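Here is the structure we will look at, set down as structure tokens.
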Amino acid sequence: MEQVHIGMLGGGTVGSGVYHHWRRNGALMAARLGLRLQLSRVAVKALDEPRPYEIPRAVLTTDWKAVVHDPQVQVVVELVGGTTVARTMVLEALRCGKPVVTANKALLATHGEELFAAAHRAGVNLYYEASVAGGIPIIKTLREAFVGNRITHLYGIVNGTCNYILSRMKQEGADFAEVLAEAQRLGYAETPPDLDVDGDDARHKTGILASLAHGFWVRPEHIHVEGIRQVSRLDMQFAGQLGYTIKLLGIVKQLPPARGRSARAARGLRLQVSVYPALVPNTHVLASVQGVFNAVFVRGDVVGDTLFYGRGAGKDATASAVLSDLADAALDLAHGSARRVPAFVAHENHGTVVPLGEVSSRYYVRLSVVDRPGVIAQISAILGAARIGIASIIQPEGHEGEVVPLILMIHDAPNAVMDRALARIARLPVVKAPPVRFRVESLE
Ligand code: HSE
């Protein structure tokens, strides 16, 4: 049987998972593919570092260049993470004309354009299923299964740590800091947790999905990001009373064409690409995604609504995605079909990421106000002057003169208009704390 030799860079959590599951299921894969993957060399930082699964000493080396340049190695897998050495490794492998498989979302989000151009020049593919949502085959789905669709909406729960924290806050009525501390103790959240809870990890994944779905490179700095630190137990409770759950969403939405003949209107596709905690209706399946699980909801103009669910991280789920890419890379090599499913191709209509200020959203707003006659009138006067409509108001019964929460559900309004109105509301003497605002995504 034909063999395809793989060189792996990185033998940590994901790398050792790939090696372990390749050993377990390699024969099954060979039977399915009609060729055998040979994971013959693994470059690691230190030979003796502890690994979740063992890798035989005989295949280990500390010299990554020796693996990339080994004439027997036909496909290179990069699993070292980071954006510096990993970038050099991937570029070097591509320069040698070798297809590359990577799980590295930060690398793709920051240097994707350069790396895909290098892959194109080399006439090989760069495979990246494991970079977004771990074991969920969302890259292959967007690239292959939905090739006949325009993707009008994509909503992703793509950060397991945040989803775990928000799920527990809802279930237990607990505060963010409390749940975060326990998640760190149990090893579900990193220390420091910033990359996850401040939304950067979700930003990388959402940028990759947006770029793939819409065929132009969405840079991380063009994605509006808000993390989950500002979500409080109180907001989770009020959202629940209103029939919603708060989830950190990666959002990619096709917006209506711009009005008028502005330059932007002429440039075609307009996209919202953002990451923020949003109220999701409890009746929508995304609201039921609990714990560390990920889910991606995709609406195509042909297929309609679809949902993909699974483990978004971890040595086993991520290894499943890497093995799938290895199978594709090996088949493409064996059959001379590297361009069968191009990794990333620019669409003919170049698009624009519209600044969030120009995008309209619905909102949940929580104010801390003095319970006194005329307070609601002052607030609604500011909103009315900005042509912002109130959909509903809740104020739990309190005592006159006390500071009480006032919850407003707001109809569609542009984010910049809403920001200005909230800044004016915050300056009212009866408003005693900075307003809390979350967007509402009805997913209709
Ligand atoms: N830290 C990520 C998460 C997993 O919590 O989902 C790796 O992408």
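For residue 201, only one of the following conditions fails: (1) within 10 Å of the ligand (Cβ to nearest atom); (2) outside any helix (DSSP H, G or I); (3) in contact (Cβ under 8 Å) with a residue 60 or more places away in the chain. What is its number?
Result: residue 201 passes all but (2).
If you scan the stretch 300-312, which residues turn out to be small (Gly, Ala, Ser) and surrounded by fewer than 19 Cβ atoms within 10 Å (Cβ to Cβ)?
Within the stretch 300-312, the first condition is being small (Gly, Ala, Ser), and the residues that meet it are 300, 304, 310, 312.
Within the stretch 300-312, 304, 310 meet the criteria.
Report, by residue number, each residue of the stretch 290-325 that is within 16 Å of the ligand (Cβ to nearest atom), of a type in the set (A, V, I, L, M, F, W, C) and more than 15 Å from the chain's Cα centre (by Cα).
Answer for the stretch 290-325, where residues must be within 16 Å of the ligand (Cβ to nearest atom), of a type in the set (A, V, I, L, M, F, W, C) and more than 15 Å from the chain's Cα centre (by Cα): 317, 319, 321, 322.
List the residue pairs whose Cβ atoms are under 7 Å apart, where the first residue sits in the stretch 292-313 and is part of a loop (DSSP other than H, G, I, E, B), the second is away from the ligand (no atom under 14 Å from the Cβ), and the two are 6 or more positions apart or on different chains.
Listed by first residue and then by second, the contacts come to 301/149; 301/150; 301/152; 302/148; 302/149; 303/146; 303/149.
Among 250, 207, which is within 16 Å of the ligand (Cβ to nearest atom), buried (at least 20 other Cβ atoms within 10 Å of the Cβ) and in a strand (DSSP E or B)?
Numbers: 207 fails: in a strand (DSSP E or B).
On inspection, the qualifying residue turns out to be 250.
Looking at 257, 277, can you tell me which residue is over 26 Å from residue 137 (Cβ atoms), of a type outside the set (A, V, I, L, M) and assigned to a loop (DSSP other than H, G, I, E, B)?
Details: 277 fails: assigned to a loop (DSSP other than H, G, I, E, B).
Answer to the selection: 257.
Among what's in the stretch 210-247 and is basic (Lys, Arg) and within 16 Å of the ligand (Cβ to nearest atom), pick the residue that is farthest from residue 171 (Cα to Cα).
To start, the set of residues in the stretch 210-247 that are basic (Lys, Arg) comprises 219, 229, 233, 247.
Subsequent filtering for residues that are within 16 Å of the ligand (Cβ to nearest atom) retains 229, 247.
On the way: 229: 17, 247: 13 Å.
In this case the residue turns out to be 229.
Being within 16 Å of the ligand (Cβ to nearest atom) and in contact with a helix residue (DSSP H, G or I) (Cβ under 7 Å, 6 or more places away or on another chain) is the requirement here; does residue 186 meet it?
Values: within 16 Å of the ligand (Cβ to nearest atom): yes; in contact with a helix residue (DSSP H, G or I) (Cβ under 7 Å, 6 or more places away or on another chain): no.
Spelling it out, it is not the case that residue 186 is within 16 Å of the ligand (Cβ to nearest atom) and in contact with a helix residue (DSSP H, G or I) (Cβ under 7 Å, 6 or more places away or on another chain).
Among the listed residues 168, 121, 143, which satisfies the condition of being touching a helix residue (DSSP H, G or I) at 6+ places or on another chain (Cβ under 6 Å) and part of a helix (DSSP H, G or I)? If you could, list the steps in order and put the result at the bottom.
Working: 121 fails: touching a helix residue (DSSP H, G or I) at 6+ places or on another chain (Cβ under 6 Å); 143 fails: touching a helix residue (DSSP H, G or I) at 6+ places or on another chain (Cβ under 6 Å).
Selected residue: 168, the only one of 168, 121, 143 that is touching a helix residue (DSSP H, G or I) at 6+ places or on another chain (Cβ under 6 Å) and part of a helix (DSSP H, G or I).
Table: residues versus (1) surrounded by 15 or more Cβ atoms within 10 Å (Cβ to Cβ); (2) within 16 Å of the ligand (Cβ to nearest atom).
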residue: 158; (1), (2): yes, yes
residue: 161; (1), (2): yes, yes
residue: 164; (1), (2): yes, yes
residue: 170; (1), (2): yes, no
residue: 173; (1), (2): no, no
residue: 176; (1), (2): yes, yes
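Cβ-Cβ under 6 Å, sequence separation 6+ or interchain: first residue in the stretch 182-193 and at pLDDT below 80, partner of a type outside the set (Gly, Ala, Ser). Which pairs?
So the pair list comes out as 188/164.
Can you name every residue in the stretch 410-444 that is under 28 Å from the mean Cα position of the chain (by Cα), without any contact (Cβ under 8 Å) to a residue 12 or more places away in the chain and farther than 30 Å from residue 305 by Cβ?
Here is the first cut: in the stretch 410-444, the residues under 28 Å from the mean Cα position of the chain (by Cα) are 410-419, 435-444.
If we keep only those that are without any contact (Cβ under 8 Å) to a residue 12 or more places away in the chain as well, we get 444.
Correct list: empty.
Does the stretch 217-227 include one or more residues that are under 16 Å from residue 165 (Cβ atoms) and either touching a residue at least 40 places away in the same chain (Cβ under 8 Å) or part of a strand (DSSP E or B) (or both)? Spell out the reasoning first.
Filtering the stretch 217-227 down to residues under 16 Å from residue 165 (Cβ atoms) leaves 226-227.
After this cut, where a residue has to be either touching a residue at least 40 places away in the same chain (Cβ under 8 Å) or part of a strand (DSSP E or B) (or both) as well, the list is 226-227.
The answer is yes; a qualifying residue exists.
Scanning the stretch 80-129 for residues that are acidic (Asp, Glu) and within 21 Å of residue 201 (Cα to Cα), which turns out nearest to the ligand (Cβ to nearest atom)? Explain how you work it out, then say what you get.
To start, the set of residues in the stretch 80-129 that are acidic (Asp, Glu) comprises 92, 113-114, 129.
Adding the requirement that they be within 21 Å of residue 201 (Cα to Cα) leaves 113-114, 129.
Details: 113: 21, 114: 22, 129: 13 Å.
Only one residue fits best here, namely 129.
The values are calculated or read from the model by the stated rules, or taken from the named source; none is laboratory data. In this text, all values refer to a predicted model and were calculated from it rather than measured experimentally. Note: ideal-geometry Cβ built from the backbone for every residue, glycine included; neighbour counts use all protein chains shown.
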